[in-house]
Amino acid sequence: MCKYTLAFAISLVLLSSTVWAQKDAVDAEGHPWWKHAVFYEIYPRSFADSNNDGIGDLPGINSKLDYLHWLGADAIWIAPMFPSPQVDWGYDVSDFYNVNPDYGTLKDMDELLAQGKKKDIRVLLDFVMTYTSDQNKWFQEAKSSKTNPKRDWFIWHDGKGAGQPPNNWTSNFGGSAWKYSPETSQWYYHYFYPPQPNLNWRNPEVEKNMFDVTRWWYKRGVAGFRLDAVDVMYVDAQLKDNPVVGTEKNAFGDPVENEINDKNQPELHGVLQRLRKVADEYNAVLIGETWTSDIDQLKAYYGAHNDEVNMPMNFMFANVNKLSPPDFRKQIQWVEGSGGWPVYVLSNHDIRRVYDRYGDGQHNDQIAKLMASLYLTLRGTAVMYYGEEIGMENNDPKRPEDVKDSMGKVGWPTQKGRDGERTPMQWTAETNAGFSTVAPWLPVDERYKTYNVESEKRDANSILNYYHQLLSLRHTNQVLLDGKYTALNESDSNVLSYARSYKGKSVLVVLNMSDTTRKVSLNLASSDAHTKKAATLLASFPAASQVDIGEISVAPFGAWIGETE
Ligand code: GLC
Ligand code: CA
């Protein structure tokens with residue numbers, strides 16, 4: 001064997017041990033793995049600290065894979081763990097090909113991928129494809145001169161006049177979206193923080209280099225990416241001003257704009273189609289950070305032939321923000337009718353936790369179980385956020401000097417930023433919730449003595465044990481995995497009910513979103529179920545093992561899941 005053939009053979013062996021093969025990608029009935037999987041988002045800085053420096057890290061995540069497996073997570077998405085000056089906590093990437101020393105090394109990542117493979121947990125990374133850090137060597141080169149070969153990798157323009165940016169676009173983090181660069185007397189565009197210059201996706205070299213980043217990680221065994229901020233990947237080629245809406249100011253004191261020229265440009269769909277082709281070569285999956293204001297926009301992200309983002313996250317569902325059966329019903333119906341596979345999310349590192357958003361201050365634990373029962377029994381894939389399973393709540397900064405999130409620094413006090421939903425995971429009742437032996441980078445929530453993994457594992461009625469039971473039900477019940485969705489009792493404004501049906505079997509879900517006990521008489525006429533009795537599969541309150549579907553009594557904020565007989 002010549003030495004190149006040998007090297008090729010060795011690399012194949014190495015690859016085959018970490019890369020997920022086609023046979024693992026589809027189940028016996030032909031469903032791709034991600035349609036049945038439960039994804040779990042990890043904010044790496046806050047999950048588990050292995051070396052006690054107050055910062056979570058990759059070996060920390062590795063040490064918790066058994067927990068995640070027990071819980072019922074099939075895949076983890078790790079928020080950015082790349083080298084970064086951390087202006088936006090990792091969403092400012094200075095090197096796409098490495099691991100931030102705060103979190104470990106490439107070897108730690110390889111180890112995590114290998115252990116994940118052994119324990120059947122796929123690892124997805126965050127692909128920050130729309131911008132880089134201003135410390136990224138690509139930008140450092142680009143800003144050095146107008147003739148630098150990397151100049152056109154970013155978006156540059158002359159100002160309108162002295163000290164005047166090229167147009168009126170505002171940054172998502174406040175102020176103009178343009179920053180003056182004295183080296184060349186031009187302005188560069190940044191939709192987010194000034195140290196996050198946007199890449200110029202109109203340049204084919206950007207596409208080639210960024211696609212190569214994904215290939216490099218797929219070859220290491222990464223099972224897919226969460227695509228960051230796809231809606232702002234392109235801007236209008238002529239850089240036309242956005243129309244200003246009304247005279248009110250936003251939380252940063254800027255005029256409110258209708259973002260027709262700096263968001264959702266049609267060209268982004270071409271990139272997504274080509275990026276999907278690359279992902280398909282590796283059986284990888286793309287999750288989209290797809291903020292949309294209507295269902296047509298969401299539909300567009302699936303692609304006309306389901307050839308763009310496999311899993312565009314539906315944030316309109318997460319944004320319902322009140323316990324309203326009619327509102328949830330409408331959202332579910334929309335995405336059910338979209339033709340794409342639904343993706344449900346309630347919480348993430350940019351959104352206040354479920355416990356705060358839906359809690360009424362008195363029944364928060366019940367409400368946490370209720371919301372779990374909603375997004376984990378619908379037809380579709382669910383993306384969880386770390387800590388939701390133990391009922392973590394927002395722990396917002398109390399003083400401006402404590403704020404770590406750039407958004408809160410700029411917007412204080414009207415906008416306190418997102419630190420509150422990013423605090424350390426609560427593992428035990430010990431100091432710092434067992435996250436670290438030293439003070440963590442963000443303060444642990446005071447409620448950690450009760451709300452932590454160890455204590456909740458021992459309490460049969462805990463939120464954690466409820467999640468555990470719900471997730472094992474979801475994984476083993478074919479009807480919950482594949483069954484079609486039918487809304488029931490659609491005029492009920494207090495209780496959200498639906499049936500899931502598959503091959504002659506039905507699962508019924510009844511969610512009481514009110515603070516009083518409700519008696520529900522399920523009308524199954526619209527569904528495939530024909531029965532008078534149902535067996536309880538899981539309930540968040542003491543329920544009989546068999547119920548009459550003409551008279552199901554559901555506790556305040558209670559969730560009942562049953563199977564027809
Ligand atoms: C994405 C991230 C968010 C970040 C923003 C700008 O929306 O989810 O955390 O602040 O991009 O980088
Ligand atoms: Ca650490």
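The values are calculated or read from the model by the stated rules, or taken from the named source; none is laboratory data. Predicted model only: the values in this text are computed from it and were never measured. Please note: Cβ atoms are built from the backbone with ideal geometry, for glycine as well, and neighbour counts cover all protein chains shown. Note: areas computed on protein heavy atoms with side chains; ligands, DNA, RNA excluded. Shrake-Rupley method; radii C 1.70, N 1.55, O 1.52, S 1.80 Å.
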Worksheet item: Within the group Trp89, Trp70, which residue is open to solvent by 10 Å² or more (accessible area, probe 1.4 Å), within 25 Å of Thr437 (Cβ to Cβ), under 17 Å from the mean Cα position of the chain (by Cα) and at pLDDT 95 or above?
Response: Trp89
Worksheet entry | Top-ranked residue of segment 525-540 - restricted to ones that are touching a residue at least 40 places away in the same chain (Cβ under 8 Å) and assigned to a loop (DSSP other than H, G, I, E, B), ranked as surrounded by the most Cβ atoms within 10 Å (Cβ to Cβ) | Ser540
Worksheet item: In segment 336-363, which residue that is more than 14 Å from the chain's Cα centre (by Cα) and over 20 Å from Glu393 (Cα atoms) is nearest to ligand 2 (Cβ to nearest atom)?
Response: Trp341
Practice prompt. Read through the list (1) among the small types (Gly, Ala, Ser); (2) closer than 24 Å to Val285 by Cβ; (3) within 21 Å of the chain's Cα centre (by Cα), then give the number of the only condition that Ala48 fails.
Written response: (2)
Practice prompt. Scan segment 111-134 for residues that are assigned to a loop (DSSP other than H, G, I, E, B) and open to solvent by less than 10 Å² (accessible area, probe 1.4 Å) and jot them down.
Written response: Ile121, Val128, Met129, Thr130, Thr132, Ser133
Worksheet item: Which ranges mark the strands (runs of 3 or more DSSP E) fully within segment 211-310 that have 1 or more residues being polar (S, T, N, Q)?
Response: 244-249
Fill in: Residue list for segment 33-52, restricted to those being in a helix (DSSP H, G or I), touching a strand residue (DSSP E or B) at 6+ places or on another chain (Cβ under 8 Å) and within 16 Å of ligand 1 (Cβ to nearest atom)
Pro44
Fill in: Top-ranked residue of segment 73-86 - restricted to ones that are open to solvent by less than 10 Å² (accessible area, probe 1.4 Å) and assigned to a loop (DSSP other than H, G, I, E, B), ranked as farthest from ligand 2 (Cβ to nearest atom)
Ala73
Discussion item. Among the residues of segment 486-505, are any under 19 Å from Asn364 (Cβ atoms) and either touching a helix residue (DSSP H, G or I) at 6+ places or on another chain (Cβ under 6 Å) or open to solvent by 70 Å² or more (accessible area, probe 1.4 Å) (or both)?
Written reply: yes
Worksheet item: Got at least one residue in segment 144-164 being open to solvent by less than 30 Å² (accessible area, probe 1.4 Å) and of a type in the set (Asp, Glu)?
Response: no
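Has segment 171-181 got any residue that is in a loop (DSSP other than H, G, I, E, B), open to solvent by 40 Å² or more (accessible area, probe 1.4 Å), among the charged types (D, E, K, R) and in contact (Cβ under 8 Å) with a residue 12 or more places away in the chain? Outline the logic, then answer.
Step one: list which residues in segment 171-181 are in a loop (DSSP other than H, G, I, E, B), which gives 171-175, 177.
Add one more test, that the residue is open to solvent by 40 Å² or more (accessible area, probe 1.4 Å), and what stays is 172.
From what's left, among the charged types (D, E, K, R): none.
Scanning segment 171-181 turns up no residue that is in a loop (DSSP other than H, G, I, E, B), open to solvent by 40 Å² or more (accessible area, probe 1.4 Å), among the charged types (D, E, K, R) and in contact (Cβ under 8 Å) with a residue 12 or more places away in the chain.
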Discussion item. Given the condition of a type in the set (A, V, I, L, M) and open to solvent by 10 Å² or more (accessible area, probe 1.4 Å), answer yes or no: does some residue in segment 440-447 qualify?
Written reply: yes
Worksheet item: Can you tell me which residues in segment 249-282 are open to solvent by 40 Å² or more (accessible area, probe 1.4 Å) and in contact with a Phe, Trp or Tyr (Cβ under 6 Å, 6 or more places away or on another chain)?
Response: Glu267, Tyr282
Fill in: Failed item, numbered, when Pro101 is tested on (1) open to solvent by 10 Å² or more (accessible area, probe 1.4 Å); (2) within 15 Å of ligand 2 (Cβ to nearest atom); (3) touching a residue at least 40 places away in the same chain (Cβ under 8 Å)
(3)
Response to the item:
When every residue in segment 226-240 that is surrounded by 15 or more Cβ atoms within 10 Å (Cβ to Cβ) and of a type in the set (D, E, K, R) is compared, the one nearest to Val128 (Cα to Cα) is Asp228
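Residue check: is Asp108 acidic (Asp, Glu), farther than 24 Å from Tyr234 by Cβ, outside any helix (DSSP H, G or I) and within 16 Å of ligand 2 (Cβ to nearest atom)?
Details: acidic (Asp, Glu): yes; farther than 24 Å from Tyr234 by Cβ: yes; outside any helix (DSSP H, G or I): no; within 16 Å of ligand 2 (Cβ to nearest atom): yes.
For Asp108, the condition - acidic (Asp, Glu), farther than 24 Å from Tyr234 by Cβ, outside any helix (DSSP H, G or I) and within 16 Å of ligand 2 (Cβ to nearest atom) - is not met.
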Worksheet item: For segment 53-72, which residues satisfy the criterion of being assigned to a helix (DSSP H, G or I) and either more than 16 Å from ligand 2 (Cβ to nearest atom) or among the aliphatic types (A, V, I, L, M) (or both)?
Response: Leu58, Ile61, Leu65, Asp66, Tyr67, Leu68, His69, Trp70, Leu71
Item to complete: Please specify each residue of segment 201-210 satisfying the condition of being crowded, with 20+ Cβ neighbours inside 10 Å and part of a loop (DSSP other than H, G, I, E, B).
Response: Trp201
Worksheet entry | Check on Tyr43, closer than 21 Å to Asp228 by Cα and either under 20 Å from the mean Cα position of the chain (by Cα) or at pLDDT 95 or above (or both) | yes
Worksheet item: Which of the residues belonging to segment 293-316 are open to solvent by less than 20 Å² (accessible area, probe 1.4 Å), touching a residue at least 40 places away in the same chain (Cβ under 8 Å) and farther than 23 Å from Ala25 by Cβ?
Response: Leu298
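Name the residue, out of Ser436, Ser472, that is touching a residue at least 60 places away in the same chain (Cβ under 8 Å) and loosely packed, with under 15 Cβ neighbours inside 10 Å.
Only one candidate passes the filter, namely Ser472.
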Response to the item:
Expected output for segment 47-60 (first residue on the phi < 0 side of the Ramachandran plot, partner more than 6 Å from ligand 2 (Cβ to nearest atom) and basic (Lys, Arg), Cβ below 8 Å, 6+ apart or cross-chain) is Phe47/Lys64; Ala48/Lys64; Ile55/Arg45; Gly56/Arg45
Discussion item. Could you go through segment 479-489 and let me know if any residue there is touching a Lys or Arg at 6+ places or on another chain (Cβ under 8 Å), of a type in the set (Lys, Arg) and away from ligand 2 (no atom under 16 Å from the Cβ).
Written reply: yes
Worksheet entry | Pairs where the first residue, in segment 13-36, is modelled with pLDDT under 75 and the second is of a type in the set (Gly, Ala, Ser) and open to solvent by less than 40 Å² (accessible area, probe 1.4 Å), C-beta under 6 Å, 6+ apart | Thr18/Gly221; Val19/Gly221; Trp20/Ala223
